[in-house]
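Following: one structure in structure tokens, then a few remarks.
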Amino acid sequence: MDRFARQINAVQRRTETLNQSLAASSRQPGLLVQAFNQLHDALEELQVTHNELLLQKEQLADCYRSAELERQRYRNSFDFAPDAYLITDRDGNIVDANRAAANLFQLRIQSYNAWANKSLLDFLPQDQQNAFHYQLLRLPHEQTLKDWEVVFCKKDGQTFPATISVNTVKNLNDEIHFYWLIRDITARKQAEEAQAIKSENLQLQETVRLKSQFMAMMSHELRTPMHIILGFAQLLLRQPVKLLAPQLKNMVERIYNNAKHLLALIEDILDFTALESGKLSLNSQQFNLAELIQSVTQELQHLASRKQLPLVVDIKLQNPTIIGDSERIRQILVNLLDNAIKFTDKGSVTLEAYEMPFCRIAIVVRDTGIGIAESDIKCIFQEFRQVNQTYCRTHGGTGLGLAIVDKLLKLIGGTISVESELGEGSTFRVELPRGVESALVRSC
Ligand code: ADP
């Protein structure tokens, strides 16, 4: 454009010089002057056109600048959009993608060629590619697609759930392009799963509550007739010998013993359901623990004697008075000693009681019986779990005893632990709090 202007100026100058020299000459001056004047006019018009061209050039430059600004603005909004956007051709080959898309698929955004020769299908697990391809073929007819759920693969192979929304757009050359909006929905899926687990748990809790309610009701219904059976059986057994033939007496004894066993079972179920539903309340008062231990061991002595097992008791309590529910502590001791005797055929069963720091008392029941395998130890406190089925079949039991002991101890603020080895015997260690009364706390 400048060169064009310079040239016009040069021609103008030359024309004026020529005009002056010709005006000075005497030969046919009029005709020549007229011709040169016309030339001068033409050049002036050319100058005007040139000026207009210059103006248009500036306007064009302005347009170009604003188009470039617009393009940059679009690029920035596209690049910095929080969602992943991709543009593909109709076969799914990626034409453009923003930073969020690169982050989503773990591609390096700095790399100019990050998306070169890549298809959206490359980011799908193998088993999903056919279904995706089929959907791709239908897209030009459907125009748009919303919240289509798929699973994508990152560069490192890790998969994630996503929703896709697609729009079909035709460019100036009438070629179809797809605009994809992809959202990672991992967090939403996790929240949905957590919600499902929560409502399942609530349902489970409700089922457990109903089960406990049913069990408690049934146990009550069973306990009453059992007491009646036991009462009448006892009455019959007290009858004079002449009124009850020996064979009949033997039958009544069997009725009595089995009814007692059944009642113990019902009591266990009742206790367990009360503990499970948090309805068991403690009746705490001051009592002598050493006396309680002596009474329990005397009560069970006949079981040990029947198997010729020494039942050794070693109480080292400076202050045997504690506060607690003596009936529940008795229940714990009976369960542990009964098991120790039941699962021991030779050797001995011992019970030790001694003081612990922080106002606690340890009671250790040790036996030399069949022991428990390491893998089974964690199960024995679960309800209805009997780990040595053959032994338990011959020696009875319900698998509720230790579950009750464990729950009772939690209720009274105690603990239980066990050490055992198959064939080498077991040691159950209980720790009890002395109770809360200040006088006792001062004395321990
Ligand atoms: P059970 O009524 O069967 O004795 P428990 O809950 O008291 O039920 O015990 C659960 C299981 O733990 C028993 O069936 C037995 O397999 C095991 N167990 C408990 N105490 C002992 C022990 N002293 N020696 C060996 N195994 C034991």
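General observations
- Listed residues HIS261, GLN47, LEU282: farthest to the positive end of the dipole of the chain (Cβ charges): HIS261
- Total formal charge among the other residues, if their Cβ is under 15 angstrom from that of GLU52, Lys/Arg +1 and Asp/Glu -1: -2
- Rounded to the nearest 20, the Cβ-based charge dipole of segment 207-277 about its Cα centre (Lys and Arg +1, Asp and Glu -1) stands at 340 debye.
- Sorted by Cβ density within 10 Å, fewest first, the residues MET226, MET217: MET217, MET226
- Of THR207, LEU236, LEU222, farthest towards positive along the dipole that unit charges on Lys, Arg, Asp, Glu beta carbons give segment 202-252: LEU236
- Rounded to 10°, Cα long-axis angle of helix 401-412 versus longest principal axis of the chain: 70
- Loop-located GluC sites (Glu not before Pro) in segment 140-185 (DSSP state other than H, G, I, E, B) with a sparse environment of at most 16 neighbouring Cβ atoms within 10 Å: GLU175.
- Note on ALA42 and GLN234: their simple-model spin labels are 14.3 nm apart, each label 7 Å out from Cα toward Cβ.
- Estimated from helical segments only, the mean residue ellipticity of the chain at 222 nm is -18500 deg cm²/dmol, where each DSSP H run of four or more residues counts as -39500 (n - 2.57).
- Each Lys and Arg adds +1 at its Cβ and each Asp and Glu adds -1 at its Cβ; summed about the Cα centre, the chain shows a dipole of about 1100 debye.
- Of the residues SER295, LEU317, GLN190, the one whose Cα sits farthest toward the positive end of the charge dipole of segment 173-331, with +1 on the Cβ of Lys and Arg and -1 on the Cβ of Asp and Glu, is SER295.
- Once exposed loop chymotrypsin sites (Phe, Trp or Tyr not before Pro) are cut out (DSSP; at most 13 other Cβ, 10 Å), longest piece of the chain: 113-357
- For the chain, a Gaussian network of Cα nodes joined below 10 Å ranks GLN12, GLN106, GLN308 by mean-square fluctuation, and the top entry is GLN12.
- Trypsin sites (Lys or Arg not before Pro) within segment 196-282: DSSP coil, no more than 11 neighbouring Cβ in 10 Å: ARG238, LYS279
- Value of relative contact order over the chain, rounded to a whole percent, pairs C-alpha under 8 Å and six or more apart: 8
- Hydrodynamic radius of the chain per Kirkwood, over alpha carbon pairs, in Å: 32.6
Throughout, read-outs are computed from the coordinates displayed, never taken from laboratory work. This one's a predicted model, so the numbers in the text were calculated from it and none came from an experiment. Note: ideal-geometry Cβ built from the backbone for every residue, glycine included; neighbour counts use all protein chains shown.
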